[in-house]
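Let me begin by presenting the structure, written as structure tokens, before commenting on it.
The values are calculated or read from the model by the stated rules, or taken from the named source; none is laboratory data. As the structure is a computational prediction, the values presented were derived from the model and not from experiment. FYI the Cβ positions are ideal-geometry reconstructions off the backbone, even for glycines, and counts take in every protein chain you see.
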Amino acid sequence: MTVRILAFFDTAYPGNWSALRQARPQSRRYPALNWPSSLGTYDTSQSEQMVSVVGLAAAAGIDGFVVDLTATPEGYRSGAETLATLCRPGVFGLAFRWRCGRDAAWADEQARPARARLLIEALAAHKSACLDGRPTLIVEDPVALGDIRQATLALRTEAAAAGLAGFRLLASRAEAAEVTGLGFDAAIDPGPADWGSCPPSNKPTGLDVLEIQAGLKDSVELTDKFYPYQLFIFSRMINREARGKVYPRVFPAYFDWAAHPEGGATLLVNGDADKGVDHYMFGLFVENAISWADRNFVEGEKLVFVESWNHWLEGSQIEPSVLDGDQVYQTVKDAIDKARFMLRSRGAAKNDPLDEQTLQRLRQICEAAYAAAGIKP
Amino acid sequence: MLAGLALLSDGRQQRLALRFGAGAFRDDEVFDSANCPPARYLIEVGRRLLEMAPNARRLMIANPLLPISPEQLAGWVPPVLAVPVIVSDAKGFPLAYCLPRWMVEEEERFLLLLSTCDAGLDQRLLGLVGGCEAGVVGVPKLDIGDFPIATTTGWFMGRGRQEMLRTCTIAALRTMQRRKVWRDLPLAAYLPYHAGSLLMLNLAARQVPNGFFAKEVICASYRDIVEACPSPLEPVPLRMPWLPRDNSVGELEYLAHALERLGPEVRESHFFGFLRYSRLYNRTPFHLVDQMKFALGHSMRHETDTVHGGQPFARDKADLPIRPLKLLFHLAGGWKLKSYRADKAAALLMALKSLGCELTVIDRPDLERFGARSVNSDDTAFLTAEVRAHHIFIGVDSFPHHFVRHSLGWPTVSLFANTKPCNSDARENPDYRALVGALPCNPCGAEQHCPMTGREDCENFAQPHQVVAAILDMARAVYGFTEAS
């Protein structure tokens, strides 16, 4: 067992290829959306095409995909039926994400018990394809659950009734303490659009505002948020232990302008427009996140999430592409190789860590020492 | 991004494409070592080609500095195959080497002296090694241009670096021309001025008994390191101070002075193999000892070849009463960013003092006011004596850490920040623990200022309470120490 790497995967292809083709930037500051190269414009329902996709992901050391469970009036669909047939225990598996904030039916409080049942039914339909036999559900935007404790209890009750042994419930939150007491097993770093871990780099002045209103300047300075990649990922990883059991989410870039034609996009641009993604920093992000997860989580609970395998409309894809070739893909592959080599070769005889109570006491002693030295930590 | 062709006697070709490995040890990967000249990769591709095509008559090997495919190589196979031929660009930068099989099989030691950046020099070298006229075939439409300082494939080979390779090749040519018995002369590793690198080289040389090198050029003031950590490589003392860390003397300038300083007798009785960095050393996940092993000639094909796959070089511990727990700290690395921050060090020392520990710090008199005794250490005998008087050594990524752990085998807690532990740490054990944060900018390659915060310290060090926890944990596991004992 090692650190498991899961990549977010969009099953809405071929439908989303046309959306990708039609997406038009409203600003010169928007990075170009990319286009698939070696894997082509696949259809996620076609087995022979999905074999290539899963094969390439597994060759990079990715252990599985995270697939959305999308709400419909009748229940939830994953679009992962073909993918599920390609999963093999211990080799490749699936986890699932539910964006409850986008689930209109969940907003109806009365309907929630039934919706919880339908959600778990959709998950249970792929029980045999779940990564390491553990059904995992990530709840994006857990605040939209309403009464969170009640909602997690409902999901857990339904999971138990459906015989989902080892059911793992994760919340997309930056601080584990905010969710672990509410029925979640752990948290996962929110996506770039949901958690700006550092201040945006664009801070329009009053003059900018007037010029934008006068039609003299691009309005995205006012409506969108631009972040510097290095500072953004640095902020996510600094003093991570203090945030508790929060799984890292790593990404090469992120720009969701296609989903925000009226403004409000998040743009996390990594590298120069003419050079493409700065794969070096991304590689270090992946490599260090894996090492960190290994050091800080117990066996069977070591996960890192890659955003994403194929979210082409958000520019976060790691699949080989026309503009970047296979550089981003190779970067992930090399980073996983490096991290796993380090873990294999260094960590065989680990000591039992000190218990949390002792650690807490040592923390207090050090804080007292800071105070005694007259130094601000 | 390494390529070769095996040219068979019936006119057929077998193609080989390799890439720099990242730890998976796949068949199509080559070990990534920073501490060897590009020509070392040329030799490795040659070995793989002979393994793939044992009956090959000639081998065509792409210049390892260049991202060339076997298909491109196939288009450049020279028409005349009787002698070694270099395919070069319009301005004399080598693109590929077409070599008779025997040369690759029998003359690896001399192929290591190829500059890989000057076709004219390499032509002369191959001519002398082969005892024949070597040829150069140009590809006039291709001009490599100025080779960048760092490439996407990880080479660290700007103009200054290339000049260093040329200097070593020119020195070799002079020796071959002046000494009739040059084939019997030893090859000396040029890696004189970094104490840590020298230590790693000596540890590596013990594991590569039949490597390319018989000697090593070292700054004379490092003799104590060689005495404390001997290796089969005979030292060639260089009576020059170390290379200053403030960049006031360039490495090329230093090399030129070093060859001058060694004098004609030494210069003309040795060949000098360039073992300073040719690649970005912290991109590879491999330990510096393993990188040195590759440089010395080991092919490093399997994970079990790496130091982490084996037993520690040495293992020892203090023969002292359990109380008080005596701790020796080295918290100042060669660069500011490698040094443990003063306020964190203060908290760390005061916390340990409050737990009854006895503390000694090396080269940090400023920390005496926090309850530690300060000592100066500039030789390995003194360092060894201090280490033996303490239960546990706690050190940043610098020579004392490498020496204490790898040569003395002492219980060690290491503190890494802006460098990668895997390049110089040891296997995790009850008596060894490497602590580092999770920042994605590690390794940044910066020395004096953090590229993110602009400050003179690195945020990626472990927090004081984590260091205290690691120390107490180790004291418990190795010495049976408990706070109550």
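Of the residues B:462, B:469, which is in a loop (DSSP other than H, G, I, E, B), in contact with a helix residue (DSSP H, G or I) (Cβ under 8 Å, 6 or more places away or on another chain) and within 10 Å of another protein chain (Cβ to nearest Cβ)? Step by step, each of B:462, B:469 is checked, and only B:462 is in a loop (DSSP other than H, G, I, E, B), in contact with a helix residue (DSSP H, G or I) (Cβ under 8 Å, 6 or more places away or on another chain) and within 10 Å of another protein chain (Cβ to nearest Cβ).
Candidates in the range A:291-332 are the residues that are more than 14 Å from every other protein chain (Cβ to nearest Cβ) and at positive phi; of these, the one that is surrounded by the most Cβ atoms within 10 Å (Cβ to Cβ) is A:315. Among what's in the range A:8-39 and is under 20 Å from residue A:320 (Cβ atoms) and charged (D, E, K, R), pick the residue that is surrounded by the fewest Cβ atoms within 10 Å (Cβ to Cβ). Residue satisfying both the conditions and the ranking: A:21. What about residue B:407, is it without any contact (Cβ under 8 Å) to a residue 24 or more places away in the chain and either more than 9 Å from every other protein chain (Cβ to nearest Cβ) or part of a loop (DSSP other than H, G, I, E, B) (or both)? Spelling it out, it is not the case that residue B:407 is without any contact (Cβ under 8 Å) to a residue 24 or more places away in the chain and either more than 9 Å from every other protein chain (Cβ to nearest Cβ) or part of a loop (DSSP other than H, G, I, E, B) (or both). Assessment of the range B:118-126 against the conditions (among the polar types (S, T, N, Q), part of a loop (DSSP other than H, G, I, E, B) and either surrounded by fewer than 24 Cβ atoms within 10 Å (Cβ to Cβ) or under 25 Å from the mean Cα position of the chain (by Cα) (or both)) yields no matching residue. Residues considered: A:215, A:206, A:264. Of these, the only one that is of a type in the set (Gly, Ala, Ser) and in contact (Cβ under 8 Å) with a residue 24 or more places away in the chain is A:264.
Hey, does the range A:348-359 have a residue that's in a helix (DSSP H, G or I) and facing chain B (nearest Cβ under 8 Å)?
Initial filter on the range A:348-359 (in a helix (DSSP H, G or I)): A:356-359.
Within this subset, residues satisfying the condition of being facing chain B (nearest Cβ under 8 Å) are A:358-359.
Checked against the condition, which is being in a helix (DSSP H, G or I) and facing chain B (nearest Cβ under 8 Å), the range A:348-359 yields at least one hit.
Applying the set (1) closer than 30 Å to residue A:336 by Cβ; (2) within 14 Å of chain A (Cβ to nearest Cβ); (3) touching a residue at least 24 places away in the same chain (Cβ under 8 Å) to residue B:304 leaves exactly one unmet item: (3).
One residue stands out in the range A:208-220 among those that are surrounded by 16 or more Cβ atoms within 10 Å (Cβ to Cβ) and not charged (D, E, K, R): the one that is nearest to residue A:258 (Cα to Cα), namely A:220.
Beta carbons closer than 9 Å, at least 6 apart along the sequence or on distinct chains, pair a first residue in the range B:207-228 that is part of a loop (DSSP other than H, G, I, E, B) with a second that is β-branched (Val, Ile, Thr) for B:212/B:43.
Please state which one of A:2, A:11 is under 30 Å from residue A:294 (Cβ atoms), modelled with pLDDT under 95, of a type outside the set (A, V, I, L, M, F, W, C) and part of a loop (DSSP other than H, G, I, E, B). Even if it seems obvious, please write down each step before you answer.
On the way: A:11 fails: modelled with pLDDT under 95.
Checking each option against the conditions leaves just A:2.
When A:223, A:205, A:266 are screened for being surrounded by fewer than 16 Cβ atoms within 10 Å (Cβ to Cβ) and away from every other protein chain (no Cβ under 11 Å), only A:205 passes. The test for being outside any strand (DSSP E or B), in contact (Cβ under 8 Å) with a residue 12 or more places away in the chain and either out of contact with any Leu (no Cβ under 7 Å at 6 or more places or on another chain) or not assigned by TED's automatic domain parsing to the domain that holds residue B:115 (or both) holds for residue B:320. When the range B:35-72 is examined, which residues are found to be surrounded by fewer than 22 Cβ atoms within 10 Å (Cβ to Cβ) and within 16 Å of residue B:154 (Cβ to Cβ)? Those that are surrounded by fewer than 22 Cβ atoms within 10 Å (Cβ to Cβ) and within 16 Å of residue B:154 (Cβ to Cβ): B:67, B:68. Would you say residue B:32 is of a type in the set (Asp, Glu), crowded, with 24+ Cβ neighbours inside 10 Å, in a loop (DSSP other than H, G, I, E, B) and modelled with pLDDT of 95 or more? So residue B:32 passes the test. Here is the figure for the range A:270-282: residues that are at pLDDT 90 or above and either within 19 Å of residue A:247 (Cβ to Cβ) or surrounded by 24 or more Cβ atoms within 10 Å (Cβ to Cβ) (or both) total 1.
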